[in-house]
Amino acid sequence: MYGDENEREITERIDWAMLDRCKFLGKKMKTIFIISLLMVIVSSLITGTTLLADQGMLRGTKGMLYFLILCAGAIIVFAIAYCVALISMGGYYEAFTYSGILMVVASFLSVWKEFNESAGLALLISLASSVAEIFQMKFFVDGCESSLYGVDNSLAASWSTYWKIYVTILAAGIVAAFCFIIPGINILAALVILIVGVVSIGISIWMLILIKQSSDALTRRAVTLEYKGGVVS
């Protein structure tokens, strides 16, 4: 009898902890999903504006400069909010903390590159930003996988698959970029780069879907546990 009571106390403590964890992480995942959407929109505005200006379709007015500065400032604010959300999630899984810090570093480097006029320095900044983004993504995926084990194992496995495809596409892009300067295969390399670019858009959309699904899965588990009183009878 005494042993059964102790086992029930342990089960209650574990399930209450899972309830708090799922509720908290579910809310933070939803916040990250919204911030990610906003960052995609603002980044697209910056990229589109700079491309149109480079093609001579937009005049380099002060208004356009102020617009780009405003967008860049918005990205920094969003990145900080993203970082704060991730670091707060790091209380449960440390990988989220590292991901948040690297997110700010990568965002700062990306904005710096846009306003840098030196081609050599811009290349170095771009490389540093890419490295930070890769490790940021790795830590984020690890955190998402860990948070979903025992909640939705199939979704956790989807995050693992996402990372493998992400790395594969990244490697293909890097190899194609180097092959582009080699005569004879540069046309093929250009085609691969184009395909990688298109697939990367799909991968980004898939990531947003996974974040939303993760938020929903964690929230559903929290609601289920809350409905049961936080314990398994």
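The values are calculated or read from the model by the stated rules, or taken from the named source; none is laboratory data. It should be emphasised that the depicted structure is a prediction, and the values quoted were computed from it without experimental measurement. Here Cβ is always computed from backbone atoms with ideal geometry, including for glycine, and neighbour counts include all displayed protein chains.
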Within the range 147-155, does at least one residue satisfy the condition of being under 20 Å from the mean Cα position of the chain (by Cα), outside any helix (DSSP H, G or I) and modelled with pLDDT of 80 or more? yes
Counting only residues in the range 98-146 that are of a type in the set (A, V, I, L, M) and within 16 Å of Tyr166 (Cα to Cα), the one farthest from the chain's Cα centre (by Cα) is identified as Val131
Options Trp112, Trp163: the member that is hydrophobic (A, V, I, L, M, F, W, C), at pLDDT 90 or above and surrounded by fewer than 19 Cβ atoms within 10 Å (Cβ to Cβ): Trp163
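Within the range 130-146, can one find any residue that is surrounded by fewer than 17 Cβ atoms within 10 Å (Cβ to Cβ) and within 30 Å of Leu65 (Cβ to Cβ)?
The answer is yes, given that some residue of the range 130-146 is surrounded by fewer than 17 Cβ atoms within 10 Å (Cβ to Cβ) and within 30 Å of Leu65 (Cβ to Cβ).
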Residue pairs meeting the criteria (Cβ under 7 Å; at least 6 apart or on separate chains; first closer than 15 Å to Gln213 by Cβ, in the range 149-175; second outside any helix (DSSP H, G or I) and modelled with pLDDT under 95): Ala156/Tyr149
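Out of Ile80, Ile69, Ile75, which single residue is buried (at least 19 other Cβ atoms within 10 Å of the Cβ), among the β-branched types (Val, Ile, Thr) and part of a helix (DSSP H, G or I)?
Details: Ile80 fails: buried (at least 19 other Cβ atoms within 10 Å of the Cβ); Ile69 fails: buried (at least 19 other Cβ atoms within 10 Å of the Cβ).
Exactly one of Ile80, Ile69, Ile75 is buried (at least 19 other Cβ atoms within 10 Å of the Cβ), among the β-branched types (Val, Ile, Thr) and part of a helix (DSSP H, G or I), namely Ile75.
Could you identify the single residue in Leu188, Leu194, Leu208 that is assigned to a helix (DSSP H, G or I), within 30 Å of Leu225 (Cα to Cα) and not β-branched (Val, Ile, Thr)? Can you show your working first?
Values: Leu188 fails: within 30 Å of Leu225 (Cα to Cα); Leu194 fails: within 30 Å of Leu225 (Cα to Cα).
The unique qualifying residue is Leu208.
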